[in-house]
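The values are calculated or read from the model by the stated rules, or taken from the named source; none is laboratory data. Note that the structure is a prediction, hence the values are computed from the model and not measured. Reconstructed Cβ throughout: ideal geometry from the backbone, glycine too, with neighbour counts over all protein chains shown. For accessibility, only protein heavy atoms count, side chains too; no ligands or nucleic acids. Shrake-Rupley method; radii C 1.70, N 1.55, O 1.52, S 1.80 Å.
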Amino acid sequence: MPGELLGERVYEDPNLNGLTVIPRDIFARNYFHYKGGEHVVFGGPSKHGKTELAFDLLSDVATPELPAYVAVSKPTDKVTQTRGKELGFRFVTDWPPSKKFNEIEWLGGKRPRGYVIWPKFGDISTDFTNAAGVTARLMADRYSASARKEKHSAGILVMDDTMVKAKVMGLDNQMVTILAMAGAMEIGLWVFVQKPTDSGRTPLWAYENGDHFFFGKGGDQRMLFRYMQVGNAGEHAQSIVEVVPKLKMYQFIYLHDSEICIVDRKP
C-alpha cells in the first residue's frame, strides 16, 4: 500500500515485516476495490473471524445492483444472523424466494442489497439434502441469469462453510464451474477455506482463480506453503510465510495484484 495512507490510525508494523496495518472500517470503505465477478478467498482456521470479516466487507460493497447471496449450511450461525439483519438482507428459506404482494410493500418497492438463504433445519435425515438442494438452485439460478444477461443478474455468492458445501452437500462441481467461468458474467464466489486439503476441488480452484485473498493466523506449514502459491502472491510469497504466524487474532494479511497489507482486527 502507498505511503500516503499513513495517518493516525494507519501505521507500518515493524513486527509484521513493516507492512501497512489498516483499520478494518477504513480498509472496507476506501481500499477494498471490489468489482462484480471477482472471487474472494478467506483462509484460516475456524473461529478466527472469517465470516465477520466478510460481512464487514459486504457492508460497503453489497448493493441492490450487486447483491450478496449468503448461503447458510448449518442450523445456527450467530454472526450471519446478527450481521445479516444489520445490513438489511432479506432472509429466505428457499430459492427462488416466493413473490408475495407484501414483499414489494415491505421493501418499499426496492430490491434488497442482499439475501440470507437459510434452509430449514431440524430433521437429521433430510437437513443436508434439503440444504444442498436449496443452495444448488441458488447457484444454478444466478449462473443461468448471468449467462442469459438478464437484468440484475450480477451478484456475490457467499459460500461460508465451503468444505461442507463441497464435500458433504456434493456441490463441488457447481462451485468450481462458477470459479472457472462466471467471472466474466459478474458472479463472484466468496470461498472460506480452513485448510487446503480434504476440502474438495473448490479451494484449489479458488487459490488459482481468486482475485482477493485474506489469510488469518493459524494453520500448519502445508497451509502456509499453499498460501505462497496463490495466483497473485509473487514477490510477496516470503512475506506471507513470515507474517501469517505473527498476526494477532482476527487480523488478516490481504493480497490483491501487487498490493499487500494487514487488515486490522476491530477495536
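Brief remarks follow.
- The requirement of being touching a strand residue (DSSP E or B) at 6+ places or on another chain (Cβ under 9 Å) and at pLDDT 85 or above is not satisfied by residue 227.
- Residue count for the range 118-145, restricted to those that are in contact with a Ser or Thr (Cβ under 7 Å, 6 or more places away or on another chain) and assigned to a loop (DSSP other than H, G, I, E, B): 3.
- Restricting the range 148-171 to residues that are open to solvent by 60 Å² or more (accessible area, probe 1.4 Å) and part of a helix (DSSP H, G or I), the residue that is farthest from residue 81 (Cα to Cα): 167
- Taking residues in the range 235-252 that are touching a residue at least 40 places away in the same chain (Cβ under 8 Å), and partners anywhere that are assigned to a helix (DSSP H, G or I) and open to solvent by 80 Å² or more (accessible area, probe 1.4 Å), the pairs with Cβ atoms closer than 8 Å and at least 6 places apart or on different chains are 246/15.
- The range 73-85 - residue that is over 15 Å from residue 161 (Cα atoms) and in contact with a helix residue (DSSP H, G or I) (Cβ under 8 Å, 6 or more places away or on another chain) and, of those, surrounded by the fewest Cβ atoms within 10 Å (Cβ to Cβ): 83
- Flag for residue 41 being within 21 Å of the chain's Cα centre (by Cα), outside any helix (DSSP H, G or I) and at pLDDT 95 or above: no
- Between 21, 70, the distinction of being open to solvent by less than 20 Å² (accessible area, probe 1.4 Å), part of a strand (DSSP E or B), within 21 Å of residue 236 (Cα to Cα) and not charged (D, E, K, R) belongs to 21 only.
- Set side by side, the residues 63, 51, 93, 129 differ, and just one is free of Cβ contacts under 8 Å to residues at least 12 places away in the same chain, open to solvent by 20 Å² or more (accessible area, probe 1.4 Å) and on the phi < 0 side of the Ramachandran plot, which is 129.
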